[in-house]
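Read through the structure below, which is laid out as structure tokens, and then see the notes.
The values are calculated or read from the model by the stated rules, or taken from the named source; none is laboratory data. Predicted model, so just to flag it, every value in this text is computed and none were measured. Positions of Cβ are generated from backbone atoms using ideal geometry, with glycine treated the same way; all protein chains shown enter the neighbour counts. In case anyone asks, the SASA skips ligands and DNA or RNA and just uses the protein heavy atoms, side chains included. Shrake-Rupley method; radii C 1.70, N 1.55, O 1.52, S 1.80 Å.
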Amino acid sequence: MACEWYKGMSFYQIWIRSFKDGNDDGIGDLYGVYDKLDYIKSLGVDGIWFSPIYPSPNADFGYDISDYKNIHPEYGDLDQFKKVLDKAHAIGLKVIMDLVINHTSDEHPWFIESKKSKDNPYSDYYIWRDGKKGKLPNNWDSMFEGKAWEYMPERDQYYLHLFAKKQPDLNMDNPKVRDEVKSIMRFWLDMGVDGFREDVITFISKADGLPNGLPFIPVANGMPYYKDGPRIHEYLGEFREVCNEYDCFLLGEGPMTTTRSALRYMEGENRTLDIMFNFDHMMADCFLTEYIHRPFNLVKLKKAYSKWQKELNGRAWNTLYIENHDHPRVISRYGNEKFHRESGTMLAASFIFQQGTPFIYQGQEIGMTNIRLDSIDKYVDVSSKTNYHRFHTREAIEKRLERIYHSSRDSARTPVQWDDSWHAGFSAVEPWFYVNDNYPEINVKVEEDDPLSILNFYRKCLEYRKNSDVILWGNYREFFRKDPLLYEYERSYKGKKVLVICSFSEHRMPLLIPKEYKDLHGKLVLCNYASHDKKVLKPYETRVYELK
Ligand code: NOJ
């Protein structure tokens, strides 16, 4: 029987390094998480997703794992993790872990052995190829650092890395590697975790022969040969079987996935993934990647939302998110820093009331915004650095830094702003990364005390969602599709209806109501202003009506 419990839930994502420092070394950790579990619970979420907390050299901040069955010493140890897990369960929070199995760190013992020779027990754990007449084995790009191949003199061969050089891809065609994955899953499931978020899981099966890609799209050359690869469903089926021994939930990340290919994973009783993260709605202010910035386009955003809502309806279940550790802060993108509270609250209502399981990223609930640093050397994210040094190199430095401001993953990774004390209450000592200067105004403490704050609005939204059958299970319908400033959608279930109205304008504008609701006879259940006008929406106003 496939797992179903995640459907009514919502999750909070922790990127631990910047969440809360509990032992005063400037780095977030499991002691800090333990102390903040009641706060997380108070938001009204039902579970936590931990981005990787395993030992890692941090070339990609945890997504380069060097030991899958342990905790990074900077974050605590297995005992401390168990304490967090037990307390989370005791207060009714599920816990899911990140499972990063497309690649390991190059400092993982498997790789250290594998690179030594062609005939050691680990030699076939990774994807090794000979060069072709002095050239790379094929023309694939990596996402993070140039071409996808790196030469190792010890073997006189190249290894494949679809991400950074320090992230060699595992050879999933090797049954021993799949056994390792299953053993890792059992290790954490036996400890009591409730599921996994499987990192770039649609990339783990590579096409036989690793054919050359057509060089149309920079940084993604070769993707047709590893995205949704030939044995992906077989391998995920094996992992699902392990999961089925427990009451476990599987969430897969699907970069550039389409509804069509996502449904192949998520549909039916024998599905290999319960839900998936897609990226379509994260592209409303850019082309392919946030680094290629474009003006925000609401129609594009609405199109992406409605496509996924419509095409998954009755067949599979959506994930709902507008922030995570891979994307800059959403107020700085789709909202407006000058209308911080207004746009932050409106953005909450714009996604939480769709059909699916919401994920809230740390700091999103208080409306944290992008950070502006004055030199690329101050950024730490590998992909930001590569983009800066590789593209638009003839442009003025200010312009390139503006591009980084719009796109860097580091903006989502600044320490969480807990209060207005030194270091934003994140740590008693200098934090590992810059705190955003706006922490005296934007922090948990001030927002706790303000009934209209973004924080309290998230709480109201999550509470309302949880108690509304219409929001949990209802059908979705969008109105005024072409309107560039207004997003309105309806949810309907067993004769009941809810209408969600979101203004994306910094000006007042007329309130448009679908014809069938002419006089809007209904109960206003949520609004992000203390008072509202019958005919006009204030800047970034949002309202939720229960309709008769
Ligand atoms: C997706 C993760 O979310 C991202 O942070 C990471 O860099 C890549 N996968 C590679 O693991």
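Okay, here's what the table says:
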read-out: Dimensionless Rg over Rh [region 109-160; C-alpha; Kirkwood]; value: 0.98
read-out: Distance (nanometres) between label positions extended 7 Å along Cα→Cβ at R129 and H89; value: 4.5 nm
read-out: Using alpha carbons only: equivalent-ellipsoid semi-axes of region 127-229, gyration tensor based, whole Å; value: 28, 16, 12
read-out: Of K133/K165; K36/K310; K36/K227, those spanning more than 27 Å from alpha-carbon to alpha-carbon; value: K36/K310; K36/K227
read-out: C-alpha center-to-center spacing [region 467-509, region 362-377] in angstrom; value: 29 Å
read-out: Length-normalised contact order for region 357-466 - Cα pairs under 8 Å, 6+ apart - percent; value: 27 percent
read-out: Peptides ranked, highest mean first, by Cβ atoms within 10 Å: ranges 481-491, 465-475; value: 481-491, 465-475
read-out: Given K176/K206; K302/K482; K83/K182; K115/K166; K7/K548, the pairs whose alpha carbons are separated by over 19 Å; value: K83/K182; K7/K548
read-out: Largest-first principal axis extents, alpha carbons of the chain, Å; value: 75, 52, 51
read-out: Unpartnered cysteines - no second Cys beta carbon under 4.7 Å - across the chain; value: C3, C286, C461, C502, C527
read-out: Amide H contacts under 5 Å for F249, placed H, 5+ residues apart; value: G195, F196
read-out: For peptides 88-101, 71-84, sequence by mean Cβ density within 10 Å, most packed first; value: 88-101, 71-84
read-out: For V95, residues with placed amide H under 5 Å, excluding near neighbours; value: I48, D194
read-out: Hits among aspartates and glutamates - C-alpha to C-alpha of K494 under 12 Å, sequence gap 8 or more where chains match; value: D469
read-out: Accessible area of the chain divided out per residue, in Å², using a probe of 1.4 angstrom; value: 39 Å²
read-out: Cα centroid separation - region 228-247 against region 285-340, whole Å; value: 29 Å
read-out: Among beta bridges that DSSP assigns inside the chain, antiparallel share in %, nearest 5; value: 60 percent
read-out: Percent accessible area from carbon and sulfur atoms, the chain, protein chains only, probe 1.4 Å; value: 52 percent
read-out: Distance between region 150-202 and region 3-28 - C-alpha centres, whole angstrom; value: 23 Å
read-out: Debye, to nearest 20: dipole size of the chain, +1 on Lys, Arg Cβ, -1 on Asp, Glu Cβ; value: 2480 debye
read-out: ³J(HN,Hα) computed for each position of region 426-433 - Karplus, 6.51 cos²θ - 1.76 cosθ + 1.60, integer Hz, glycine/proline x; value: 6, 7, 7, 10, 3, x, 5, 9
read-out: Volume in Å³ per residue [convex hull over Cα atoms, computed for region 471-547]; value: 92 Å³
